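Report on the following structure.
The values are calculated or read from the model by the stated rules, or taken from the named source; none is laboratory data. Predicted, not measured: the structure shown is a model, and the values here were computed from it. Methodologically, a virtual Cβ is constructed for each residue, glycine included, from the backbone with ideal geometry; neighbour enumeration extends over all protein chains shown. Just the protein is used for accessible areas: all its heavy atoms, side chains included, with ligands, DNA and RNA removed. Shrake-Rupley method; radii C 1.70, N 1.55, O 1.52, S 1.80 Å.
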Amino acid sequence: MQENTIPKIDVLEKAYDPTDFRKIGHQVIDLLADHLEKVQNDKEHLVLAYKDPEEELTYWQDDFSSDSGILDVFKNILDHSIQVHHPRYIGHQVAVPALISSLAGMMSDMLSNGTGVYEMGMASNAIEKIVTDLLARKIGFDMPSSGFLTSGGTLANLTALLAARRAIAPSSVWQNGHKEKLAVLVSEEAHYCIDRAARIIGLGSDGIIKIPVDSNYKMNTRLLDHYYDKAISEGFCVIALVGCACSTATGSYDDLETLADFANQHNIWFHIDGAHGGGVVFSKKYQHLAKGIEKADSVVIDFHKMLMTPALNTALIFKKEENAYQTFAQKAQYLWDSQHTREWYNSGKRTFECTKLMMSIKIYTILKAYGEEVFGKNIDSLYDQASVFAEMIKERPSFELAHAPEANIINFRYIKTDSKNINPLNNAIRKQLVASGKFYIVQTTIEEDRYLRTTIMNPLTQKEDLKALLDEIEDIALNLLN
Ligand SMILES: Cc1ncc(COP(=O)(O)O)c(C=O)c1O
């Protein structure tokens, strides 16, 4: 006789078993907390136990075919990853996540509320409105403003340029495709994602007009008229001017007030890429760096850079609420009834993504636990520490500081060698330093020269860590030169 019940599928039941989840979950949290204690306090613990890509792949291929248990997997991932919580992680611009925010991240991954539509994220949509409204107030927008969270600064900048095109281009590109030659004006020091975004929206190389910078790596605003007039005479319709707050390579803030006036005078969209440094709006001490930010039409700020959340977590805030809704006017019958109504609670109407992570809860938990002052304190501590580091570099004759830091990005190089060796020597120094695993820093090129690039991201990084870094670089350089 045939069974009338659906057979039990043990493995699926196990995959959803709360008892197993509780047991493994406690063990994983203990593992992570023990790991953090070590990483934050034990200077001998490596920031990155570097292996080359083929070796790393082989390691995981072997692991995949082995009978390692699930806790071993968690442990091995820890040991094979870069440790952003290590005070000697001074590398790329990725926030050292506040731990409460990481817990919210785990919750986001368990609930998996897709958030694009209200019913798939009641809490996350309501909280998203609260945190983006707070950010709009901090920016200083004085009219009904509106924004949303999206997956990273790259996507947010693309979305902002799409909004600019929608608002300024003479014909409706969204409906009818491209007619005019469109262009954007941007500093030559802008992050490459602006260039990429402009190409994605169909502007091509000629439509990305890069304005040279001055000696402080800020857009040279005296050249704006020239580049704008040239573009117009060549038949371009300039849709947007993009300001950096701050730039990626050197952390330089453009003169946003002058840019705002220029954009206003020419009736073009003013967008600010504040992915890295826009968070200064939370700092009494450093908010002056972004003076004029309130005059922008749109602002991008990454919470996962200076504002302590795990990646990715980016806000795109529009000065005029309606602009937030007009970018992606499209029918999606199965999601919402009409595209033309402004429903803050269906956040997918305004974002590129359909399904997205519950990003807002990772910001909200920080705000609830520590108040908004914590963001300002984080910025103050990292920017202050960068000034201290710059002074330390200047005091050592073997180093040259590339520029006085405005933000927490410091570029310098080892110079105690003859000039033709400097670039290869600094490349080799970084390679050896990273291979040692004792510190993590990156590199950049400024006007053809190689610099060691550090971004102080961890408020637990102390002066003694920075001194140890300079000592280590000097040792490596001496070894290499001998
Ligand atoms: C100024 C600036 N804009 C945009 C980006 C890209 O942001 P994301 O990595 O979040 O896509 C970066 C990344 O470093 C940046 O520094």
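What to note about this one:
- As a summary of the residue check, residue 149 satisfies the conditions (1) within 30 Å of residue 402 (Cα to Cα); (2) among the hydrophobic types (A, V, I, L, M, F, W, C); (3) within 16 Å of the ligand (Cβ to nearest atom) except for the one numbered (1).
- Residue check for residue 410: at pLDDT 95 or above, surrounded by 23 or more Cβ atoms within 10 Å (Cβ to Cβ) and touching a Phe, Trp or Tyr at 6+ places or on another chain (Cβ under 8 Å): yes
- When restricted to residues that are crowded, with 23+ Cβ neighbours inside 10 Å and either more than 15 Å from the ligand (Cβ to nearest atom) or over 19 Å from residue 385 (Cα atoms) (or both), segment 263-280 contains 8.
- The set of residues in segment 210-223 that are β-branched (Val, Ile, Thr) and open to solvent by less than 20 Å² (accessible area, probe 1.4 Å) contains only 211.
- Single unsatisfied condition, residue 317 versus (1) under 18 Å from residue 133 (Cβ atoms); (2) within 12 Å of the ligand (Cβ to nearest atom): (2)
- Here residue 14 meets the list (1) under 17 Å from residue 79 (Cβ atoms); (2) over 29 Å from the mean Cα position of the chain (by Cα); (3) among the basic types (Lys, Arg) almost entirely, failing just condition (1).
- The residues in segment 294-314 that are of a type outside the set (Lys, Arg), in a helix (DSSP H, G or I) and within 16 Å of the ligand (Cβ to nearest atom) can be counted, and the count is 3.
- Condition met for residue 394 (without any contact (Cβ under 8 Å) to a residue 24 or more places away in the chain, open to solvent by 20 Å² or more (accessible area, probe 1.4 Å), of a type in the set (Lys, Arg) and in contact with a strand residue (DSSP E or B) (Cβ under 7 Å, 6 or more places away or on another chain)): yes
- Unmet requirement for residue 94, which otherwise passes all of (1) touching a His at 6+ places or on another chain (Cβ under 7 Å); (2) open to solvent by less than 40 Å² (accessible area, probe 1.4 Å): (2)
- Candidates 197, 260, filtered to the one that is within 21 Å of residue 301 (Cα to Cα), within 12 Å of the ligand (Cβ to nearest atom) and either surrounded by 15 or more Cβ atoms within 10 Å (Cβ to Cβ) or not assigned by TED's automatic domain parsing to the domain that holds residue 411 (or both): 197
- Scan of segment 97-109 for residues that are open to solvent by 30 Å² or more (accessible area, probe 1.4 Å), hydrophobic (A, V, I, L, M, F, W, C) and farther than 20 Å from residue 379 by Cα, ordered by number: 103, 106, 107
- Looking only at residues of segment 5-54 that are polar (S, T, N, Q) and open to solvent by less than 90 Å² (accessible area, probe 1.4 Å), we find that the one that is farthest from residue 439 (Cα to Cα) is 27.
- Matching helices (runs of 4 or more DSSP H) fully within segment 153-240 where at least 1 residues are within 21 Å of the chain's Cα centre (by Cα) and of a type in the set (Lys, Arg): 192-200
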